[in-house]
Amino acid sequence: MKAEVLKQRLERLESVLVQHGETDLALMIRPALEGSEQDLRAFLVSNELWGGAGSIADQAGMSQGQGDARREIEGALIRLGLEQIRQDVVNSRTDKWVDTFCQWRQGGF
């Protein structure tokens, strides 16, 4: 695992979340960034990040609708997810979320 690239992508997601008022979700990320490589890996494959209802992928930006905030957050998730897929550090839902976000972008959502 090339942790540095994954950390950079995760830091960007954290930054975008904070920028758009999603501080509770951003706080979920900080322990992974400050912890060991094992902590980082565990978070990257967690349901907190890529799971269903209540996960960062599911909830981030939704309070603001399908506007620019949600698109920017989805963009950060896409970049993180693609790097995770490239490095094979994935949750069973990572591919599905990345595909969904990409389809939404292509469809103009």
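The values are calculated or read from the model by the stated rules, or taken from the named source; none is laboratory data. Please read these numbers as outputs of a predicted model, since none were measured by experiment. Virtual Cβ from ideal backbone geometry, glycine too; neighbours counted across all protein chains shown.
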- Query: Is the range 44-63 home to any residue that is in contact with a His (Cβ under 7 Å, 6 or more places away or on another chain) and either surrounded by 14 or more Cβ atoms within 10 Å (Cβ to Cβ) or within 17 Å of Thr94 (Cα to Cα) (or both)?
  - Reply: yes
- Message: For the list (1) closer than 19 Å to Met28 by Cα; (2) in a helix (DSSP H, G or I), I need the number of the one condition that Phe101 fails.
- Response: (1)
- Message: So Met1 ticks every box in (1) in a helix (DSSP H, G or I); (2) over 11 Å from the mean Cα position of the chain (by Cα); (3) at pLDDT below 95; (4) under 24 Å from Arg86 (Cβ atoms) but one. Which box is left unticked?
- Response: (1)
- Task: Go through the range 4-21 and give me each residue that's surrounded by fewer than 20 Cβ atoms within 10 Å (Cβ to Cβ), among the aliphatic types (A, V, I, L, M) and over 19 Å from Ile85 (Cα atoms).
- Result: Val18
- Report, ordered by the first and then the second residue, all pairs with beta carbons closer than 8 Å, sequence separation of six or more or different chains, a first member in the range 89-109 that is more than 17 Å from Gly75 (Cβ to Cβ), and a second member that is surrounded by fewer than 13 Cβ atoms within 10 Å (Cβ to Cβ) and modelled with pLDDT of 85 or more. Arg93/Gly52
- Of these, Asp68, Asp24, Asp88, which one is within 17 Å of Glu11 (Cα to Cα), over 13 Å from the mean Cα position of the chain (by Cα) and either surrounded by fewer than 16 Cβ atoms within 10 Å (Cβ to Cβ) or not hydrophobic (A, V, I, L, M, F, W, C) (or both)? Asp24
